[in-house]
Amino acid sequence: MAISGEALQTNITKLGPLVFPMSEQLLFVVTLVAKKLFKMKIKSYISHFKLAFEHFCIHVGGKAVLDELEKHLELSEWHIESSRMTLYRFRNTSSSSLWYELAYSEAMGRMKKGDQTWQIAFVLGFKCNSAMWKALKTIKPAGKKNP
């Protein structure tokens with residue numbers, strides 16, 4: 001988990017400037033300068049990913065992975081539901097689970113035009129890959145069909 005955490009941190013550092021509003025980037029820079037330049041003992045600012053993304057598809061490497069990411073990214077049960085349901089229905093299908101999760105969110109009618117989704121995949125625990133998607137149209141719920 002520690003190695004995956006480091007991989008995710010590196011990924012987030014590169015991803016942040018591309019997706020976060022300028023206000024979040026400014027808060028991050030201010031705390032970083034205060035820590036490094038002025039040697040202040042303050043906690044690093046962690047951006048709230050819910051400001052950049054409406055949906056999260058997290059590689060279902062197991063319950064422990066989902067629990068940790070839910071806690072550290074401060075996600076709600078609603079945000080992690082597609083990942084938990086994919087783990088429940090299909091178990092760990094490696095990185096392909098991301099597509100089951102996206103399909104689940106679409107079938108549940110959660111995708112609205114303009115919504116952004118962050119797909120996060122871990123490769124052997126040492127690497128973290130991301131994909132960001134933007135919904136081009138609102139997706140109607142699947143109804144009684146199985147997602």
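The values are calculated or read from the model by the stated rules, or taken from the named source; none is laboratory data. What you see is a predicted model; the values in this text were computed from it and never measured. Because the Cβ atoms are built from the backbone with ideal geometry, glycine has one as well, and the counts that use them run over all protein chains shown. Note: accessible area is taken over every heavy atom of the protein model, side chains too, but ligands, DNA and RNA are not part of it. Shrake-Rupley method; radii C 1.70, N 1.55, O 1.52, S 1.80 Å.
When only alpha carbons are used to place a centre, segment 57-134 and segment 6-30 end up 20 Å from one another. For residue 71, the aspartates and glutamates whose Cα falls under 18 Å of its own Cα, not counting residues fewer than eight places away in the same chain, are 6, 54, 81. Each of 20, 126 has its accessible area taken with a 1.4 Å probe; listed largest first, they run 126, 20.
What's log10 of I(q)/I(0) for the chain at q = 0.08, 0.12, 0.13, 0.18 Å⁻¹, Debye sum over Cα points only, no solvent? For the chain at q = 0.08, 0.12, 0.13, 0.18 Å⁻¹, log10 I(q)/I(0) is -0.25, -0.53, -0.62, -1.08. Ligands, DNA and RNA are left out, and with a 1.4 angstrom probe the accessible area of segment 1-120 is 59 Å² per residue.
Round to the nearest 0.05 the FRET efficiency obtained for residue 113 and residue 10 when R0 = 25 Å and r is the Cβ-Cβ distance.
0.20
On the protein heavy atoms, probe 1.4 angstrom, tell me the percent of accessible surface of segment 17-147 carried by carbon and sulfur. Carbon and sulfur together cover 63 percent of it. Ranking 107, 136, 62 by how far each Cα lies toward the positive end of the dipole of the chain (charges on Cβ) leaves 136 at the top. A straight chain from residue 92 to residue 42 at 0.36 nm per residue would run longer than the Cα-Cα distance by 14.2 nm.
Given in Å, the Rg to one decimal and the Dmax to the nearest whole number for the Cα atoms of segment 73-120 are 10.7, 30.
Relative to the longest principal axis of the Cα atoms of the chain, the long axis of helix 63-72 makes an angle of roughly 50 degrees.
Cross-link partners of residue 134 among lysines, defined as those whose alpha carbon lies under 20 angstrom from its own and excluding same-chain residues fewer than eight positions apart: 14, 50, 112, 113. Dipole magnitude for the chain: computed about the Cα centre from +1 point charges on Lys and Arg Cβ and -1 point charges on Asp and Glu Cβ, it is near 160 debye. Rolling a 1.4 Å probe over the protein chains gives residue 94 an accessible area of about 70 Å².
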